[in-house]
Amino acid sequence: MSRKDGHSEHTVPSREYLLARLQQMDPERFEHLVADVWERLGWETRVVSEPGDRGIDVIATQGKETQLIQAKRYGPNTSVGSPEVQQYASLRLQEDGVDTVTIVTTGTFTEQAEDMAPDLGVILVDGAELLEVCEQAEAWPVLAGYFEELTITDGEAADIEPPKATGSDGANGALVGLATVWRIYKQLRRYI
């Protein structure tokens, strides 16, 4: 799938590949990515990265509406449970003028968390849903800003999907290696 953004073309690799990349991000970088995606949705955002933030990672405002966002960068086998949903739901009571609390994770949510969230007024966004948000908001350029290999300008290479990340131990190093190999491959394709 390709999208046009100005003069550059952004090719979107498989969702599995993107989710694997998100799950390997530095947690603080993931907070910034979430803020950037929310900005693409029309919100003004501020990343809160100071000691004592009480679990608030991003403050998003749109008009008079304020949303507190907790960004949880988790691995593929980690879920956000009901205790965390309860904890973050209480943020609305601790901060003035907060309309909603949203938990965004690269992992999943337990069934209990999903059942509890609507009653507590908490919005849950798992990894697959985050990618849906990116698609709906046409935020692929945002992701491309975080993952260099998503930007492809060579017409022939545009149809090629990047290799999938595998393994969980030392995956950060493997992903850096994959990114380097993919970037070199794209450059070589221009000269073949």
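Which one is modelled with the lowest pLDDT among residues in the stretch 48-93 that are of a type in the set (Lys, Arg) and closer than 22 Å to residue 113 by Cα? Among them, the one singled out is 54. All of 94, 87 fail the test of being farther than 19 Å from residue 131 by Cβ, polar (S, T, N, Q) and surrounded by 13 or more Cβ atoms within 10 Å (Cβ to Cβ), apart from 87.
Identify all residues within the stretch 52-105 that are in a loop (DSSP other than H, G, I, E, B), more than 19 Å from residue 39 (Cβ to Cβ) and within 15 Å of the chain's Cα centre (by Cα); write none if there are none. Within the stretch 52-105, 74, 75, 76 qualify. Sort out which residues of the stretch 26-44 are over 13 Å from the mean Cα position of the chain (by Cα) and either farther than 18 Å from residue 124 by Cα or in a helix (DSSP H, G or I) (or both), and write them in order of number. Within the stretch 26-44, 42, 44 qualify.
Only a single item in (1) in contact with a Ser or Thr (Cβ under 9 Å, 6 or more places away or on another chain); (2) under 21 Å from residue 21 (Cβ atoms) is not met by residue 132, and it is number (1).
The values are calculated or read from the model by the stated rules, or taken from the named source; none is laboratory data. Everything quoted here is computed from the prediction, not taken from an experiment. Cβ atoms come from the backbone with ideal geometry, glycine included; neighbour counts cover every protein chain shown.
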